[in-house]
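A quick write-up on the structure given underneath.
Derivation of every value follows stated rules applied to the coordinates shown; laboratory data play no part. A quick note: this is a predicted structure, and the numbers were derived from the prediction, not measured. Here the Cβ is made from the backbone with ideal geometry for all residues, glycine too, and neighbour counts use every protein chain on show.
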Amino acid sequence: MAADLPYMENHVIDFSLLSSPSPDVVANELKKLHAALSSWGCFQLVNHGMSVEYLDKVRNVGFEFNRVPQEEKEKYARTATEPQGYGNDSITSNNVPLVWQSRLRLTTYPFEERQLERWPQTPQSFREVLEEYSMNVKTLHDKLIQYMARCLNLEENSFVEEYGGTLQVISRFNFYIPCLYIDQIRTSSKHADSAAMTFLLQDKELEGLEFEKDNEWFKAPVLPHAIFVNVGDQMEIMSNGIFKSAIHRVVPNPEKERISLPLFCGPAQHKEIGPLKALITKDQPAIYKSVKNYNEIFFRYHPTGIRPITTVKMT
């Protein structure tokens, strides 16, 4: 059970301090950011400009959509060829397929990739709330990758330039039903994210996320006012292995439903990315190859149990 695990080291980054007029304050927060990303690959972001009341409003539209009749949800169903929309995830336990999670996956940026016919109209405020929240997170992302470059002593636009003027933001509401098949789900849900950065709004009360470090697992604490940020594979590639893509898994609650909202941010899939040239030296050569369409690589290898990022390592 999750209660048997220790809590992970809880790195907390104060976003407001990263823009402090005091160079010493900024330097200290950048040092903390580097330590978090190079060890655990994740941190809790506080003082990000969104109140607890506002974050509750975002959570609530997810809960409200999850409580509409199933036939209403199916109006926004994803298809075999279109991943945007509503659908279910399942595992097989005792040879019985078990639906343990449903999700609503929507591209929120760039605007031309939105499929608004799959954006729920119930609750009435859903579209407006998701639009505003996703743009708030985009703003956080755009500034944060500049701070991440600075904590590597690089020009602040180094990651921005590697993105090549592209950015994709995918929003995903995850709905977890009460479930007793905890060990099976733990095993099946282990992964690192394929994007560059993930901004996760956790359930306000229920824990359900675990991270691996040095072959041991730890619980992630819940801070209702924080955005949980973690590095994905594409950022590990661009940072030449300095920032660690966080390996994590989901744990259901046996008694209560739970919700989470991750936003996955990174370069457009057609954009080729690789280790930043400024991070490649004679003493520290490139660890990863340049890649594009990393999501295709991810979904080719992840179902087989092979960690996708290992397939693009230099030989």
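Observations, loosely collected:
- Cα pair distances exceeding 31 angstrom across the chain, given as percent: 29 percent
- Estimated vicinal HN-Hα couplings, Hz - the range 236-250 in sequence order (Karplus 6.51, -1.76, 1.60; Gly, Pro = x): 4, 4, 5, 8, 6, x, 6, 8, 9, 5, 6, 7, 8, 8, 9
- Computed from point charges on the beta carbon alone (+1 for Lys and Arg, -1 for Asp and Glu), the dipole magnitude for the chain about its Cα centre is near 560 Debye.
- Considering only Leu106, Leu30, Leu116, the Gaussian network model of the chain with Cα springs below 10 Å gives its largest mean-square fluctuation to Leu116.
- Extreme residue, positive dipole direction of the chain, given options Cys179, Ile242, Met314 (C-beta unit charges): Met314
- Taken over the range 196-315, the convex hull of the Cα atoms encloses 138 Å³ per residue.
- Integer Hz, Karplus 6.51/-1.76/1.60 couplings in order for the range 276-288, x for Gly and Pro: 4, 4, 5, 9, 9, 10, 4, 7, 10, x, 4, 8, 10
- Antiparallel bridges, percent of DSSP beta bridges restricted to the range 1-132 (to nearest 5): 70 percent
- Estimated distance in nm for a label pair at Thr310 and Gln269, the labels positioned 7 Å out from Cα along Cα-to-Cβ: 2.4 nm
- Structure-based [θ]222 nm, the chain - -39500 (n - 2.57) summed over DSSP H runs of at least 4, per residue, nearest 500: -8500 deg cm²/dmol
- Between Asn136, Asn153, Asn253, the Gaussian network model of the chain with springs among Cα atoms under 10 angstrom shows the greatest mean-square fluctuation at Asn153.
- Residues whose amide H falls under 5 Å from that of Leu180, counting only those 5 or more places apart or on a different chain, are absent, with hydrogens built in the peptide plane.
- Per-pair calculated FRET efficiency, R0 = 22 Å: His302 and Lys143 via Cβ, rounded to 0.05: 0.15
- Mean-square fluctuations from a GNM of the chain, with a 10 angstrom spring cutoff on Cα atoms, peak among Asp214, Asp14, Asp56 at Asp214.
- Amide H contacts under 5 Å for Tyr109, placed H, 5+ residues apart: Val169
- Where a label projected 7 Å from the Cα of Val160 along Cα→Cβ would reach, residues of the range 13-40 with amide N under 17 Å: 18-20
- Folded to 0 to 90 degrees: helix 23-39 orientation relative to the chain principal axis, Cα: 60 degrees
- Between the helical axis of 52-66 and the longest alpha-carbon principal axis of the chain there is an angle of about 40 degrees.
- The order of Ser239, Ser51, Ser102, going from fewest to most other C-beta atoms within 10 Å of their C-beta, is Ser51, Ser102, Ser239.
- In order along the range 182-198, phi translates into HN-Hα couplings of 5, 5, 5, 6, 3, 5, 6, 9, 5, 5, 10, 6, 7, 6, 7, 9, 10 Hz, rounded to whole numbers, per the Karplus curve 6.51 cos²θ - 1.76 cosθ + 1.60 with θ = phi - 60° and x for Gly and Pro.
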